[in-house]
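Input: a single structure, listed below in structure tokens.
The values are calculated or read from the model by the stated rules, or taken from the named source; none is laboratory data. The shown structure was predicted, so the numbers you read here are calculated from the model rather than taken from an experiment. Counting neighbours? That spans all protein chains shown, and the Cβs are built from the backbone with ideal geometry, glycine included. Accessible surface is based on the protein model in full, side chains and every heavy atom, while ligands, DNA and RNA are left aside. Shrake-Rupley method; radii C 1.70, N 1.55, O 1.52, S 1.80 Å.
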Amino acid sequence: MNAHVLPRLLESATPAPIAHPSFKVYTARDLDRIAPLRRLPKDLRFAMQVVSCVLPFRVNQYVIDELIDWDNVPDDPIFQLTFPQQGMLEERHFDLIADLIRGEADPALMQEAVARVRADLNPHPAGQMQLNIPTDEAGNRLFGIQHKYRETVLFFPSQGQTCHAYCTFCFRWAQFVGDKALRMASSESATLLGYLESHPEVTDLLITGGDPMVMKARHLAAYLEPLLAPEFEHIQTVRIGTKALSFWPHRFLGEPDADDLLRLFERLHRAGKHVALMAHFNHWRELETPAVRQAIARLQACGALIRCQGPLVAHINDDPEVWRRMWNTQVSLGLVPYYLFVERDTGARNYFEVPLVRAWEIYREAIQGVSGLARTARGPSMSALPGKVEIQGVTTVAGEPVFVLRFIQARNPDWVQRPFFARFDPDATWFDQLRPAFGADKFFFES
Ligand SMILES: *Cc1c(COP(=O)(O)O)cnc(C)c1O
Ligand code: SF4
């Protein structure tokens, strides 16, 4: 009945027609086929080949053509975001793989060396997947579902476990290189729906991946459409974690089922659900192309609200000016800044990590430069085992320099919003390196 309304809305949201390219992807095998790479020095290209044996690599034509400034390579932030760099591996790891390539080593030998290097890179940080898998009444583990914080359930649909390109810092990198321990997604909408129906305390469903926006609209609909039934009235919010606005905004424009996807969002919205796209952005550059602007407008025309989050990482965005401009751009487009994350302790962490004190300084300087509407961004936030821990600041209490911390989210809801203190450590880059202040031997939540 309302079928004609949406196209009209969409039309007004997409004023200038733009070309609709088809999706063209490159992986480690295709490094030689990426035209602008041929202009780069040989040693740089060899280094990419070495690193891409260990860490996942995937990029697409849109990122290459529209996001990377090839005159600024290798320093360009989007190049750093998507292309392997020598510094991402420790020297001993790099040399090991480089020597094997140069010596044209036997594939089995190579595989074994690659596996050893990967095992050294903390492939399973903070019990992300394994620890929060719920069970049903019969005690069966419900793979693909994660329920860590009372009101929010995460769902990993099996069709959404890849991305339109890979971030070089991705904390799920091990999954993308085929780590079977992490492959636990579900294609069972019945499992998800059964779980949600029996958990009335859950208000938010968060569909995540990989990137669920790589899915066909009809697959996504199989999970989401049933939520319109009265028994799911307690599910008020459907969140979708995605980097498609950055890596492939044409997902919402010219792809054959783009309109079906937007109509699905619109049906949920009209039924009174809050549809939130949790968009991953790392740099304001990702928000500047005509395609991303039109994709944002189309999503907004369907009633979806876009919230923005992303980690702070060296070589890409460890600069308050980048965050200030990104948050301002987001607000001007009607997007809501949500989280600034601390990069997790996995993969190429040595290359990307920023000391916690520096992360806080960057956050603080950036937030000072924006209006209140952009100060909805919380952080720097660490997704650690007990919960999301925010660094509120560095100060001195009774002569002792300390980090002031709080839980934004916690396994135990009672821990949230209680300030607590850790000894100041200028080199600490992650939560597990922090010790309680004032001579205490435990943090309050450890007793
Ligand atoms: C961040 C996160 C959520 C969502 O938390 P909000 O504070 O509601 O955004 C849910 N589950 C897990 C495991 C998370 O890390
Ligand atoms: S979009 Fe997310 S899941 Fe995909 S590679 Fe980037 S950080 Fe990882």
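Here is how the numbers come out for the structure above:
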read-out	value
Per residue accessible area of the chain, 1.4 Å probe, in Å²	43
Normalised contact order of the chain, rounded percent, pairs of Cα under 8 Å and 6 or more residues apart	13
Unit charges at the beta carbon, dipole of segment 15-110: most positive-side option, L89, A19, F57	A19
Accessible surface of segment 128-374 [probe 1.4 Å, protein heavy atoms]: carbon and sulfur percent	50
Segment 128-374: radius of gyration over Cα atoms, expressed as a fraction of 2.2 N^0.38 Å	1.01
Cα radius of gyration and Dmax for segment 21-119 (Å)	14.0, 42
Of the DSSP H helices in the chain, those whose Cα atoms cover at least 15 Å axially and whose Kyte score averages -0.5 or more	42-54, 91-102, 107-119, 290-301, 356-368
Förster radius 41 Å - calculated FRET efficiency between D441 and L333, Cβ distance, rounded to 0.05	0.30
Highest-fluctuation residue, L205, L335, L109 considered, GNM on the chain with Cα pairs under 10 Å	L109
Reciprocal of mean inverse Cα separation for segment 219-302 (Kirkwood radius, Å)	13.5
28 Å tail of the calculated P(r), the chain, as % of Cα pairs	53
Hits among lysines - C-alpha to C-alpha of K148 under 20 Å, sequence gap 8 or more where chains match	K388
